[in-house]
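Asks: Dumping the structure here so I can ask a few things about it.
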Amino acid sequence: MATTRDEAEYVSGRGRIKAISVSKERGTQKVNVPKAELRTDFGIIGDAHAGNWHRQVSMLGAESIDKMIEKGAKVSPGSFAENITTEGIDLLALEVGTKLKIGESARVEITQFGKTCHDRCEIFQQVGDCIMPREGVFAKVTRPGRLAVGDIIEVNND
């Protein structure tokens, strides 16, 4: 049973944005930004991975990043090329098709969990493991909106 506000939010499908990360070119390190704009059927404006496909936005829980830090990886939000680092929402407890409200107006729909890594990334080289292929979550944008670090993320299937 949840005993704190943060645990209660984690259980109930509500959390917040811990970091937003973008890159101008594929294959380059993402950088953290304080805010971003989501465009319907595209993703984050200015991010190289945006486009009209099923993985427009990538998300990873800060809790997953913490697991890698405990294994000795020198990582932080954005290190796994995720666009949105979440905190307090159990992304892995959701299902493909789940809709999330992010910030005041943006909506995304989960389209995929995990992905195949074709090469052993730098993080894998550091500690012999990488969580993005197992715990990364991908979504498409169904309603545009502006995002900022600290914004609420919640399950919203309307």
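Just so it is clear, none of the values below were taken in a lab; they were calculated from the coordinates. Bear in mind the structure is a predicted one, so any value in this text is a computation, not a measurement. Cβ: placed from backbone, ideal geometry, glycine included. Neighbour counts: every protein chain shown.
Asks: Can you give the extra length, in nm with one decimal, that the chain gains between Thr40 and Glu104 once fully stretched, where that is 0.36 nm per residue apart less the Cα-Cα distance?
Replies: That works out to 21.6 nm of additional length.
Asks: Here is a further query. What ranking do Arg107, Arg26, Arg55 get, fewest neighbouring Cβ atoms within 10 angstrom at the top? Display every interim value, and only then the final one.
Replies: Details: Arg107 21, Arg26 9, Arg55 18.
Least to most surrounded, the residues fall as Arg26, Arg55, Arg107.
Asks: What pairs from Lys74/Lys99; Lys30/Lys67; Lys18/Lys99; Lys74/Lys140 go past 27 Å between their alpha carbons? Please report the intermediate quantities before stating the final value.
Replies: Details: Lys74/Lys99 32 Å; Lys30/Lys67 20 Å; Lys18/Lys99 19 Å; Lys74/Lys140 29 Å.
From the list (Lys74/Lys99; Lys30/Lys67; Lys18/Lys99; Lys74/Lys140), the Cα-Cα distance tops 27 Å for Lys74/Lys99; Lys74/Lys140.
Asks: With a cap of 16 neighbouring Cβ atoms within 10 Å, and only residues DSSP puts in a loop, list the trypsin sites (Lys or Arg not before Pro) found in segment 67-106.
Replies: Lys71, Lys74
Asks: Oh, and also: When the Karplus curve 6.51 cos²θ - 1.76 cosθ + 1.60 is applied with θ = phi - 60°, which whole-Hz ³J(HN,Hα) does each residue of segment 13-22 get, with x for Gly and Pro?
Replies: x, 9, x, 8, 7, 8, 7, 10, 9, 9
Asks: I'd like to compare 142-149, 84-91: which one has the highest average count of other Cβ atoms within 10 Å, and what's the full order after that? Before the final figure, lay out each step's value.
Replies: Details: 142-149: 16.5, 84-91: 23.0.
Result, highest mean Cβ count within 10 Å first: 84-91, 142-149.
Asks: In nm, to one decimal, how far is the Val31 label point from the Lys74 one, both placed 7 Å along Cα→Cβ?
Replies: Placing both labels 7 Å along Cα→Cβ, they lie 2.0 nm apart.
Asks: Okay, moving on. Calculate, for Lys67 and Lys115, the FRET efficiency according to 1/(1 + (r/R0)^6) with r their C-beta to C-beta distance and R0 22 Å; round to the nearest 0.05.
Replies: Numbers: r = 18 Å, r/R0 = 0.80.
Computed FRET efficiency for Lys67 and Lys115: 0.80.
Asks: For Arg146 and His54, calculate 0.36 nm times their separation in residues minus their Cα-Cα distance, and state this gained length in nm to one decimal.
Replies: Working: separation 92, 0.36 × 92 = 33.12 nm, distance 2.00 nm.
Gain in length upon complete extension: 31.1 nm.
Asks: Also: With a/c under 1.5 counting as rounded, go ahead and sort segment 5-155 into rounded, prolate or oblate using the C-alpha gyration tensor (a ≥ b ≥ c being the square roots of the eigenvalues; past the cut-off, prolate if a/b is larger than b/c, else oblate).
Replies: Numbers: a/c = 1.56, a/b = 1.19, b/c = 1.31.
Cα axes put segment 5-155 in the oblate bin.
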